[in-house]
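The values are calculated or read from the model by the stated rules, or taken from the named source; none is laboratory data. The shown structure was predicted, so the numbers you read here are calculated from the model rather than taken from an experiment. Glycine gets a Cβ as well: all are built from the backbone with ideal geometry, and neighbour counts include every protein chain shown.
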Amino acid sequence: MSATAPLLLDDRSSANLCSDPGNNSSACWRLVTDGVMGGVSDGRLQPAQIDGRSCLRLTGAVSTLNNGGFIQASLDLDNAGLLDARTYRGIEIDVYGNAETYNLHLRNADTRIVWQSYRASFQAPPRWQTVRLPFAELQPYRIEKPLDLSRLRRLGLVAIGRDMQADLCFARVSFYP
């Protein structure tokens, strides 16, 4: 079974934090920081225009003090339950950044503890670039089970793991066949 067209999760045609993929399943992006566990990282997530493109911009100071070290833009993938992405090969994101390394985190029905996820890193250059992250390259983090694509819950774009200034813009997010 294979998909013939990408599954658009967000095309940034909305002027707020909500996705607008045109398929009536919009959800809203939200900012999550290590403050949920006592960390001191500080972040912002807001709509922006960068180099002529509408995007969401994740900015802030990531600090490893107090066992912290992340800021994240998080999107629930399906308001009605779990998203089945088995007919897709990976995630495609249009990014613009400050030449830092960022992470994609995927969570599914098996990731019950907040720090569990499936992860891949990517560079965000200071120009628009499309990044493709194949599902096969996502690494399990603090979970033993292989990634089950039939039950995806959430994705996150994350500045994590070291003291850094984050500045990540993203304009389109989709699953590619």
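Okay, here's what the table says:
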{"item": "Residues located in the stretch 108-130, provided they are in a loop (DSSP other than H, G, I, E, B) and under 13 Å from the mean Cα position of the chain (by Cα)", "result": "none"}
{"item": "Scope the stretch 93-118; condition surrounded by fewer than 19 Cβ atoms within 10 Å (Cβ to Cβ) and among the charged types (D, E, K, R); matching residues", "result": "Asp94, Glu100, Asp110, Arg112"}
{"item": "Single residue of the stretch 55-74 satisfying the filter (polar (S, T, N, Q) and in contact (Cβ under 8 Å) with a residue 60 or more places away in the chain) that is farthest from Leu31 (Cα to Cα)", "result": "Thr64"}
{"item": "Qualifying residue in the stretch 77-93 (condition: modelled with pLDDT under 95 and within 14 Å of Gly156 (Cβ to Cβ))", "result": "yes"}
{"item": "Of all residues in the stretch 131-165 being in a strand (DSSP E or B) and free of Cβ contacts under 8 Å to residues at least 40 places away in the same chain, the one that is surrounded by the most Cβ atoms within 10 Å (Cβ to Cβ)", "result": "Val131"}
{"item": "Evaluation of Leu7 against (1) surrounded by fewer than 18 Cβ atoms within 10 Å (Cβ to Cβ); (2) at pLDDT below 95; (3) among the hydrophobic types (A, V, I, L, M, F, W, C) (one fails), failing number", "result": "(1)"}
{"item": "Count of residues meeting criterion [in a strand (DSSP E or B) and crowded, with 18+ Cβ neighbours inside 10 Å] in the stretch 69-92", "result": "10"}
{"item": "Per-region count, the stretch 40-68, residues surrounded by 15 or more Cβ atoms within 10 Å (Cβ to Cβ), modelled with pLDDT of 95 or more and not in a strand (DSSP E or B)", "result": "4"}
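Each row is one residue, and each column tells you yes or no for (1) of a type in the set (Gly, Ala, Ser); (2) in contact with a Gly (Cβ under 7 Å, 6 or more places away or on another chain); (3) modelled with pLDDT under 95; (4) within 24 Å of Gln49 (Cα to Cα).
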{"position": "Val95", "(1), (2), (3), (4)": "no, no, no, yes"}
{"position": "Glu100", "(1), (2), (3), (4)": "no, no, no, yes"}
{"position": "His105", "(1), (2), (3), (4)": "no, yes, no, no"}
{"position": "Arg112", "(1), (2), (3), (4)": "no, no, yes, no"}
{"position": "Ala120", "(1), (2), (3), (4)": "yes, no, no, no"}
{"position": "Glu137", "(1), (2), (3), (4)": "no, no, no, no"}
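Residue by residue, here is whether (1) touching a strand residue (DSSP E or B) at 6+ places or on another chain (Cβ under 8 Å); (2) not hydroxyl-bearing (Ser, Thr, Tyr) holds:
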{"position": "Thr64", "(1), (2)": "no, no"}
{"position": "Gly97", "(1), (2)": "yes, yes"}
{"position": "Arg112", "(1), (2)": "no, yes"}
{"position": "Ser117", "(1), (2)": "yes, no"}
